[in-house]
Structures are given as C-alpha cells and as structure tokens.
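Let me begin by presenting the structure, written as structure tokens, before commenting on it.
The values are calculated or read from the model by the stated rules, or taken from the named source; none is laboratory data. Bear in mind that the values here come from a model prediction, so they are computed numbers and not experimental data. Neighbour counts run over all protein chains shown; Cβ positions are idealised from the backbone, glycine included.
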There are 2 protein chains.
Amino acid sequence: MSPELIDRFAAIVGPANALRDPADQERYLVEWRGLWHGETPVVLRPGSTAEVARILELAHETGTRIVPQGGNTGLVGGQVPAGDEVLVSLGRMKRIRSVDPAGDTIIVDAGATLSEVQQAAEDVDRLFPLSLASEGSCQIGGNLATNAGGTAVLAYGTMRDLVLGLEVVLADGRIWNGLRTLRKDNTGYDLRHLFVGSEGTLGIVTGAALKLFPKPRSRVTAMAATPSPADALRLFSVLRGTAGGTLTTFEILPRIGLDFVLRHAAGTRDPFGAPHDWYLLIEVSSGVEEATARDALEADLAGAFEEGLLLDAVVARSGNQASAFWRLREMLSEVQSHEGGSIKHDVSVPVAKVPEFLARAGEAVIELLPEARLVPFGHLGDGNIHFNVSQPPGMDKARFLSMWDEMNERVHGVAAALGGSISAEHGIGQLKRRLLPRVKDPVEYELMLAIKRTLDPQGLLNPGKVLELKE
Amino acid sequence: MSPELIDRFAAIVGPANALRDPADQERYLVEWRGLWHGETPVVLRPGSTAEVARILELAHETGTRIVPQGGNTGLVGGQVPAGDEVLVSLGRMKRIRSVDPAGDTIIVDAGATLSEVQQAAEDVDRLFPLSLASEGSCQIGGNLATNAGGTAVLAYGTMRDLVLGLEVVLADGRIWNGLRTLRKDNTGYDLRHLFVGSEGTLGIVTGAALKLFPKPRSRVTAMAATPSPADALRLFSVLRGTAGGTLTTFEILPRIGLDFVLRHAAGTRDPFGAPHDWYLLIEVSSGVEEATARDALEADLAGAFEEGLLLDAVVARSGNQASAFWRLREMLSEVQSHEGGSIKHDVSVPVAKVPEFLARAGEAVIELLPEARLVPFGHLGDGNIHFNVSQPPGMDKARFLSMWDEMNERVHGVAAALGGSISAEHGIGQLKRRLLPRVKDPVEYELMLAIKRTLDPQGLLNPGKVLELKE
C-alpha cells in the first residue's frame, strides 16, 4: 500500500490515531493464544461513525481491504489481518449513548467493552446478561459480529437474542441507521440478523440498541454430582419444567476437568468428599426471595437424588461459596494449558443428543489415540460442548498437536452425524473457513456467497474470513 | 396465462390439486374482512416440498409470478393475488415431521395450522407458545412469513424467536435445507431471519424446526383497574422485576373497549362494581404450584394498590373465571364492528413511550375528528398498541372510513416521532407497501431492495407486496 494512500486514511482519523509503527500496532496484531500474528500497513482508530464511514468510502474508492477489530479476543482468527488490509479498531468509540430503564433498553457505541455495558446497566439497576470470560476486554461490536454466547445463554440467549437495533457502516461507506428500541416491528426484512454473526464480512457495526432485564433479586448456585450425561439431561428437563426461564446455568464438567482445576488453580477445593464421574454447575436467578428460591432448588435436587439422577449435591449458602463453585467451572479452560497440549472443539448438537455425542466422540478420539485424555465440558443446556482433548502425559506436545486436524475431523464428523454444528459459539474466522463448505448445505453456502457479493461486491471487508471467495 | 402453461403447473400437483374453477378458488381469494378480493388463473395445492420446488422451477423458467398462501388469515393483503399470479396454497402439507420432547424441539410442515402444532406439543406434554386469534386456521408457514406475534410475545417472543431452522424453496426452485434444531450455531450468516417476516417475497417456507417449552404447571390470571397508562407502565416494571419471564401477559384496554364488549358479547360481565378508565389483563405462567404463584401475584398487586398504581384488582379463582377475563380482551377486535366503522393502526413504540404515544395519538385524532371514539388496546408490555378508532355514533360509515389515510398519517406520524413502527405485528403486505419507503431509513430500504434482487432477481415471488420494485 502506497504511503500516499496510508496518509489519506490517516488524515481521516488524525495522525495520533493512525498507528504505523510496528511497536504501536503490536497489541492489535498479537492473537492472545499465539495462534496467529497479523500484519497491517496501518491501524486506524476512528472516533465516530462518520469517521468509520469515511474510511470505508475511501476503501471502496481505492479497493483497499479492511479488517474490523473489537477487543481482539476472538478465538478463530477473525480479527487478524493477513498483511495488506487496513485494520480498523473500534476501541475509541465507547460511548453509552442512552439508557432507558423504564423500557429496558440501552444504546451503545460498538467499542464499549462488555463490562462497560454491564456496568451501565447496573448503574440503573438493570442487567445486561451476556457474560464471557473476556468481558473486561471484548467489545460489543465484536460480540455482535461473532454472535457471542457465554454462560447466560440458557436463560437470555446469545448476543443475537439481545439486540434490538444496529447502526452499521456498509462496504461503500453508507451508514444504515437501524438503532430501533422496539420489541415488535414487522416492517420488512430483518437486516439486523444478517450482520449479527457475520464476523465483519458484511459491514462494520458502529452502534447497537440492546435489551436490558430486571436484575434478579436472588441467585442460587449449586454443585451436583451425576452418574452420567444422560442423567444430567434428565435433571435438566426436570429443572426446565420447574424453574423455566429462571434456570440460568446448567454446565457439565468431567472428573478429570475438576482434577485439573484442583491441581492448578490456587485455593480451589473439591465440593464433595468422594470423587464422581460428572459434575454440574446449576444456577437459578429470579425475582423471588433467596430463601424461597433456595428451598425450591433444594427440593428439586432432593427429588433428583431420590430418582438416582444425582449422587450428591450442595447448594451454596453464601456468595463466597457460590463464587467458589463458579471458579471450578471458569478456571477449566485456563488450567488445561498446564497439562500440555490441548486440541479443542466448539461443537453443538441437539440438546437431547449430548450424551450420545459425548460417547461417540470420545470413542472416535480414543480410537485415534488411546491415551488421549478427554476433557469435554460446557453448556449442556444449550447442547454446546467444548470437547477438549488433553495430550497423554509425557507425549511430545508438538506431535500431539500435529493430530489437530485429524482429531477435528473425527469429532466434527460425529457432531455432523447428529445434526450438530462445528462452531457453536466461536465462529468461523480463518480457523474453520476451509471446513465450512464441507459441512454446510450447498444451497446455504451459495446463498451466503450471494449475500456477500450483494453487500460487499469488491470483497473488501474482512477478506479470507468465513467464506472462500473466488478471486 | 396460457392454458398450456396452466396445464404444466397442474401436472406437477395433479389435476385434483389444481383449482381453476372460480367456485373452488373462492376460499383462497376472499380476504376475511372483505378488504380485498383476489384473482388467479389457478390455485395449486402441492403435497410436498419437491412439488413446491418443481412449481418454482417452472415459474422461474417461464417468468410466472407466484403468491404463496398459508391459512389466508393475514390482515395486510399479503396473501392476495392481483390476477396473473399462480396461487400456491401450502395447506396440504401438514405433517408433524418429528418431535423431540427431551430436546424441546419439533419439526413441522409449513401447512400445519398453529393449533395442530400446539396440539402436537401438548401431546408430548410440552408447550408451543405462539397464540393468535386465528390459530385454528393460520398456518406455521404464514406465521413465519409474517413473523406472527399474538398474546404470548411478552414471555416467549414472536415467531422469529421460536424458530431454530427452516426449509425454504427459493425463487429458482432450489431447496435450502436449514432444518437444524440447534440452540447455538455460529457457522456463517443467519439466513433463517431473512425469510422470517419476508412475507413470501424471498422464498417459500416449506418446513420449520421450532422451539418447545415446558408446560407451565400453573397459570394465574388477574384483571386490574389502573388510573392511567403511566401507572400501568410502572406496574409492568414492578412485575417484570418480580415475575421476570413468568409474566406472560400484560394487556391494556380502555373503558370504552370494555363497554363495547359488555354491550355486544354474550355472557360477559364487568369484573368490578365501579367503572374505571383503564383495565389490565395480567397473567403469570410458571413451574411453581398455583397457590404459590397466586400468593405472589396477589402480594404484588396489593403492593401496587398501596402505591396508587391500581384502583382495583381481582385474581381469578378458577379456570372459568380466568377464561372470562381473557374473553373480555379477546372479544375486543370482533365487537368493534358492531359500533360502526373502525380505523385501525398496528403500531409499536419503545415500551416506556406508550403513555406519551396514547396521549399524543389521541390528540391528533381528536383534532381531526372531535367526536371520534378512541379504542386503543393491546400488548402494553411489548409497546404494541392496536390504536383503533371507532366512528362517532350516527356518523355515515363511509364518510368516516374515507378518513382512513388521513388518520393513519397522523397516528403513524406520532409513532414515528417516538421511534416507533407503523406495523408492529401485521406486516406490510399491500396495505402499507406505499407507506414503507416514507418511514424507512433510505439505506435500509435500498438494502431490502438489494436483498430482494439477489434472492428473486425476476421479482416473481409475491409481487406487489412489501416493496415497490422498479418495473
């Protein structure tokens, strides 16, 4: 890219917000797990929707490729430029534009972090429910572009379910102002959902109108031990019936996962006296008094125990105890790195198929590598399992990781056979771009290409992500 | 259309399912309120997705225009052919393809009626929550095409929120099989939401994978009298906090609406001894015991009474009493016809703006016609008001109805000024097609046109509906 063209882009945002020095660019180019390292002629940090629009106008005029970036926390390389793309970081656009507690809505800039939006809701005694490990740094624009999930999906849905309206800059620089805060609006095609989950390939989200919720008056958290995923599923069905939408968490983890946490995370302790094969983290959040909610959950768990669905259970008696239970689940991703290489799968299947998926995917992996350690965990209630596989102790890490594609192939094959998805919540990015045409219905893939050509005919927005475009 | 071409279409579905006789066609062409009367050379009644695909292939090849139709219950003329379009009725495709009670999903043909799908859910002790006045005849395909709303939106969302996957025949006859039953799936663009609410202009939905829910163990229904919509809104906020997602109904109706019902609907009676300005129908549906749920609602209503938000309230003590309360709300649309002409608006505004909308829209109408009788009612919790206006007693009905456009203009103007929508749940169809470009963001309208050209380049699907295409 010519220095003159870079100067023209830089002039839009001002020299202080056009980073050309590799040292200044570094934090935008390093992917946090070290899987990718990006390159770009310039990082632009626009301060307004109008500046984003002028950047895309100039890109459109000059055929310049653009990679939009939020908090740079994505797990599939969607935010990483390959070399000749201008990187547009939304991080300076972090205004809370308006909050309407009576109507339970909030309008924010795309560059606000998830934590900042949660806090803005909290400030008016409301809840913005999306919750992720990276919430302190991930941004709402990125959450929208990737249809982020996390630990509150069961009751509140993914980001897609939380958005009422969008402001988007299109590939040619036009601004679509769709910042509505309506609960119902049947006036034509729903464009909002086209941009949510499109990973920056159809437009750059610059603002969003989001749903807020009443803050739960009580949260009751329990750890339980269950004989099997099938029993866990039966318990899930029971709790869906009694707690309904107040069942906000239903996570599963295997004994080996708990072992990893207990071994590597300071201050953790086993919630039960004896070891069990499978554990559940359960939370009910509602508008009723805590004592009432706790009694109800305890009664349900006691009933499940009677029926043999549970082997043990403990309902947290304090916020500290609840936090300790949550920590067992939340540390699981992190501590795996202490056990050597880990091959990851972010898979979903129909909820009722989770037990079968766990069994068959486990067999498929063990057939490939008998000593592999299976650490599947995650959002059982959403049918979304992070099917992680840790290397056998003592095996060469690089040799283990060289099996990544082959193992993926097997696990994805089982998911596909059960009507599942190869990316439940992390997206496609560049990591799974080549896999996508092989798992998608061909007509659906053609439709996606047609939509891409319509909204970004020059293929300038986040090239090399999601789709394989014919060059 | 040539008899030879009609024969070719008829051959696809068989002669018994190709209706050419006007008498046979009548039920597909008469709009139930008599606003439109359609014309078509032939009504086709395909029996399978493959037949729908062959119809659209032939239409694509011959440039034949197509109007898809479900239960013919739409309110905006979206299902009515203008003369040269082949009408494709989905009503023979009514299979329940599969039900998964453990995973809370169901897959159905598009021609199944809403009641049939509700029943199939009931048969496995589950709830399909969408509920509309026309549920006995409206079809799932039509519900999807119009993103149907109804009386359960507050807790369960509109049809858009209830769909997991779709099967759609595209304008050229290709079949998109997107019948997934996954709760989470981030593998590319969400095409599902493009077809939901597109009113048959982008493709013909032939099958759908839908969400099911646990059947509530208890439903508690109350009628309440409130001093004003602003007080009603405050009560709504209180109940959202305590009942959360178990608050399944929060409907408002004015005294005059209750008067109309009491006057014209047999067997109805005033729930209170004294008249009040505004009434609320409130329902809480949950997994807790009925006595517990009733106590909780009664406590909330007593608190609201203390604070002056309510003037009176009664919680139903039996199913019959609950049905009687529901009847007061449900009869409201129907009985209006006994009071002469009625000019209708299906408007939404941000929830917190409902009181202001009611006041300003009322003023705008009264300014135009001081003796007009305002009968605004509906889904306060969704911000969706059916702002109906009944003619002054004794006025000439035709003269009153001649003010339709002018009154619409005023009411829609108030809604637009408050960030609202001119069609909250009924859609655009032909009724509001010419209004749409005037209220939509121009960029959004251009995007809609671009999507239409991409998916239906010949403009064959439901022509003259939703969008104004350049011919």
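Quick notes
- Hey, A:F272 of a type outside the set (S, T, Y), in a strand (DSSP E or B) and either surrounded by 15 or more Cβ atoms within 10 Å (Cβ to Cβ) or in the same structural domain as A:R33 (by TED's automatic domain parsing) (or both) or not: no
- Residue match in segment A:417-433 (condition: farther than 24 Å from B:G103 by Cβ, free of Cβ contacts under 8 Å to residues at least 40 places away in the same chain and not aromatic (F, W, Y)): yes
- From B:R234, B:R219, B:R240, residue being under 24 Å from the mean Cα position of the chain (by Cα), among the charged types (D, E, K, R) and modelled with pLDDT of 95 or more: B:R219
- Listed by position, the helices (runs of 4 or more DSSP H) inside segment B:90-195 whose residues that are within 30 Å of A:L467 (Cα to Cα) and in contact with a Gly (Cβ under 7 Å, 6 or more places away or on another chain) number at least 1 are B:140-145, B:159-162, B:192-195.
- Of all residues in segment A:284-307, none are touching an Asp or Glu at 6+ places or on another chain (Cβ under 8 Å) and in contact (Cβ under 8 Å) with a residue 60 or more places away in the chain.
- One residue alone among A:F377, A:F325, A:F357, A:F387 is assigned to a helix (DSSP H, G or I), in contact with a helix residue (DSSP H, G or I) (Cβ under 7 Å, 6 or more places away or on another chain), closer than 27 Å to A:T158 by Cβ and in contact (Cβ under 8 Å) with a residue 24 or more places away in the chain, and that residue is A:F357.
- A single member of B:R373, B:R399 is more than 20 Å from the chain's Cα centre (by Cα), closer than 20 Å to B:L328 by Cβ and away from chain A (no Cβ under 14 Å), and it is B:R373.
- Checking B:L210 against (1) part of a loop (DSSP other than H, G, I, E, B); (2) more than 30 Å from B:T64 (Cβ to Cβ); (3) within 18 Å of the chain's Cα centre (by Cα), the condition it does not meet: (1)
- Lone unmet requirement of (1) in contact with a helix residue (DSSP H, G or I) (Cβ under 7 Å, 6 or more places away or on another chain); (2) at pLDDT 95 or above; (3) closer than 27 Å to B:G383 by Cα; (4) within 12 Å of chain B (Cβ to nearest Cβ) for A:T206: (4)
- Residue in segment A:333-343 that is closer than 30 Å to B:D295 by Cβ, hydroxyl-bearing (S, T, Y) and assigned to a helix (DSSP H, G or I) present: no
- For the residues B:G63, B:G74, the requirement of being out of contact with any strand residue (DSSP E or B) (no Cβ under 9 Å at 6 or more places or on another chain), of a type in the set (G, A, S) and on the phi < 0 side of the Ramachandran plot singles out B:G74.
- Restricting A:M407, A:M395 to residues that are modelled with pLDDT of 95 or more and touching a strand residue (DSSP E or B) at 6+ places or on another chain (Cβ under 7 Å) narrows the list to A:M407.
- Residues of segment A:412-431 that turn out to be among the hydrophobic types (A, V, I, L, M, F, W, C) and in a loop (DSSP other than H, G, I, E, B), as a count: 5
- Within segment B:356-370, being buried (at least 18 other Cβ atoms within 10 Å of the Cβ) and within 14 Å of chain A (Cβ to nearest Cβ) holds for one residue alone: B:F357.
- Test: A:T105 is crowded, with 18+ Cβ neighbours inside 10 Å, in the same structural domain as A:A11 (by TED's automatic domain parsing) and of a type in the set (S, T, Y): no
Every residue, every condition in (1) under 20 Å from B:P350 (Cβ atoms); (2) surrounded by fewer than 19 Cβ atoms within 10 Å (Cβ to Cβ); (3) within 20 Å of the chain's Cα centre (by Cα), yes or no:
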site: B:E406; (1), (2), (3): no, yes, no
site: B:V414; (1), (2), (3): yes, no, no
site: B:I428; (1), (2), (3): no, no, yes
site: B:I451; (1), (2), (3): no, no, no
site: B:T454; (1), (2), (3): no, yes, no
site: B:N462; (1), (2), (3): no, no, yes
site: B:L469; (1), (2), (3): no, yes, no
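- Subset tally (residues that are of a type outside the set (G, A, S) and part of a strand (DSSP E or B)) for segment B:213-233: 7
- Residues in segment B:256-281 that are closer than 19 Å to B:S390 by Cβ and of a type in the set (A, V, I, L, M): B:I256, B:L258, B:V261, B:L262, B:A265.
- Of all residues in segment B:88-105, those being of a type outside the set (V, I, T) and in contact (Cβ under 8 Å) with a residue 60 or more places away in the chain number 9.
- Segment A:20-62: number of residues that are farther than 25 Å from A:R174 by Cα and of a type in the set (A, V, I, L, M): 4
- Answer residue from segment B:422-455, given it is among the small types (G, A, S) and under 22 Å from B:G149 (Cα atoms) and is farthest from the other protein chains (Cβ to nearest Cβ) among those: B:G429
- Scanning segment B:11-55 for residues that are of a type in the set (G, A, S) and either crowded, with 19+ Cβ neighbours inside 10 Å or under 17 Å from B:G78 (Cα atoms) (or both) returns B:A18, B:G34, B:G38, B:A53.
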